[in-house]
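Have a look at the structure below before the remarks.
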Amino acid sequence: MVLNQFPSRLGSQRDWAWRGWQIRYTFIRSRNPKNNAPPILLLHGFGASLGQWRSNLQALSENHTVYALDFLGFGASQKAPERYNVCLWSNLVKDFWANFIQQPAAIVGHSLGALVALTAVSDRPQMASHLALLTLPDAQPNQAPAFARSLERLFASPILLAPFFRFVRRPQLLRSVLRKIYLRPELVDDELVNLFSTPPRDRGALDVFCRLARSRSEPEDYSAKSMKEMLPALTLPVLLIWGTEDRIVPLAGFCKLLGIRDLTGLPDNCKFVAVENAGHCAYDECPEKVNRALIDWILAN
């Protein structure tokens, strides 16, 4: 069954059963397919959904078949009682590729989606012809001391977090937060606010919120590999796109985590594109620039 909420922008939405859980995805067949044009798979950031690509899906599908999905626990995918971490979402992406794409694709991820994309491609290089990372966060955030982790586990319970959860999912609060992330406040429209405020009202959303809050306090790593370990080991073309005003994942922090002084220390297979006057969500703030950068880079590589 096709489940379009915004059919003219988000393509043909469908549900897929993965490990018994319902996963929402969408696709758009290329209108003018070109020989050797790889399909494109878009992976959203933390708390977002496939709807975040509202200004990218149609433009990218001119010559490429485009796919996007909601990670388990986010968007319109099921709010499952799972252990949420990068490994879980990476396995979801690998299985989605094996079921629906089955050929090397240009995989594009934003923030958490970039980390998931990097992890998936690091594990299964044959799935990707190109890898585009629209801001790349730390793969292994610093762990709190053991006593602090115990407190975090204690307070990450539904009873204690329920009032806070009801507060943070309010559209008014989300609109205020998004206006601090976006440099162009006019882009924080009702559609964008609904993309973030609707999923937290799904059945099981509070449990997912608690599990996500608890995940950083688990003794096991949130991500099995570090960015510094994964990125230099890749041999395929890699594109890094950063908004120059990104305060959520600053570029300087990325260079520090990678162990380089500046962008001249990037591996030879990496290309960097700065998007001027854009913040953390450059793909939505300056979609024409990001779409053109992606299309030109894929064509040139």
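In table form, for the structure just shown:
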quantity: Residue match in segment 66-74 (condition: in a strand (DSSP E or B), modelled with pLDDT of 90 or more, over 18 Å from N194 (Cβ atoms) and in contact with an Asp or Glu (Cβ under 8 Å, 6 or more places away or on another chain)); calculated: no
quantity: Residue check for A128: more than 30 Å from T244 (Cβ to Cβ) and crowded, with 19+ Cβ neighbours inside 10 Å; calculated: no
quantity: All positions within segment 192-235 that are surrounded by 16 or more Cβ atoms within 10 Å (Cβ to Cβ), assigned to a loop (DSSP other than H, G, I, E, B) and at pLDDT 85 or above; calculated: T198, L234
quantity: Unmet requirement for I260, which otherwise passes all of (1) without any contact (Cβ under 8 Å) to a residue 40 or more places away in the chain; (2) touching a Cys at 6+ places or on another chain (Cβ under 7 Å); (3) of a type outside the set (S, T, Y); calculated: (2)
quantity: Top-ranked residue in segment 268-288 [being charged (D, E, K, R) and within 19 Å of P237 (Cα to Cα); ranked as modelled with the lowest pLDDT]; calculated: D268
quantity: Condition check for F96: in contact with a Pro (Cβ under 8 Å, 6 or more places away or on another chain), buried (at least 19 other Cβ atoms within 10 Å of the Cβ), touching a residue at least 60 places away in the same chain (Cβ under 8 Å) and not charged (D, E, K, R); calculated: no
quantity: Members of segment 290-301 found to be of a type outside the set (F, W, Y) and either within 13 Å of P237 (Cβ to Cβ) or crowded, with 18+ Cβ neighbours inside 10 Å (or both), listed by number; calculated: V290, N291, A293, L294, I295, D296, I298, L299, A300, N301
quantity: Among (1) under 19 Å from S122 (Cβ atoms); (2) modelled with pLDDT of 95 or more, the one test that I295 misses; calculated: (1)
quantity: Residue within segment 27-42 that is surrounded by 24 or more Cβ atoms within 10 Å (Cβ to Cβ) and touching a Gly at 6+ places or on another chain (Cβ under 8 Å) present; calculated: yes
quantity: Number of the exception - D246 against (1) under 17 Å from the mean Cα position of the chain (by Cα); (2) modelled with pLDDT under 85; calculated: (2)
quantity: Residues of segment 75-93 classified as part of a helix (DSSP H, G or I) and surrounded by fewer than 21 Cβ atoms within 10 Å (Cβ to Cβ), total; calculated: 3
quantity: Positions within segment 248-271 being farther than 14 Å from H130 by Cα, touching a helix residue (DSSP H, G or I) at 6+ places or on another chain (Cβ under 8 Å) and either assigned to a strand (DSSP E or B) or not hydrophobic (A, V, I, L, M, F, W, C) (or both), in sequence order; calculated: G259, R261, D262, G265, P267
quantity: Residue that is modelled with the highest pLDDT [pool: residues in segment 249-267 that are of a type in the set (V, I, T) and surrounded by 15 or more Cβ atoms within 10 Å (Cβ to Cβ)]; calculated: V249
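The values are calculated or read from the model by the stated rules, or taken from the named source; none is laboratory data. A quick note: this is a predicted structure, and the numbers were derived from the prediction, not measured. We place every Cβ from the backbone using ideal geometry, glycine too, and count neighbours over all the protein chains shown.
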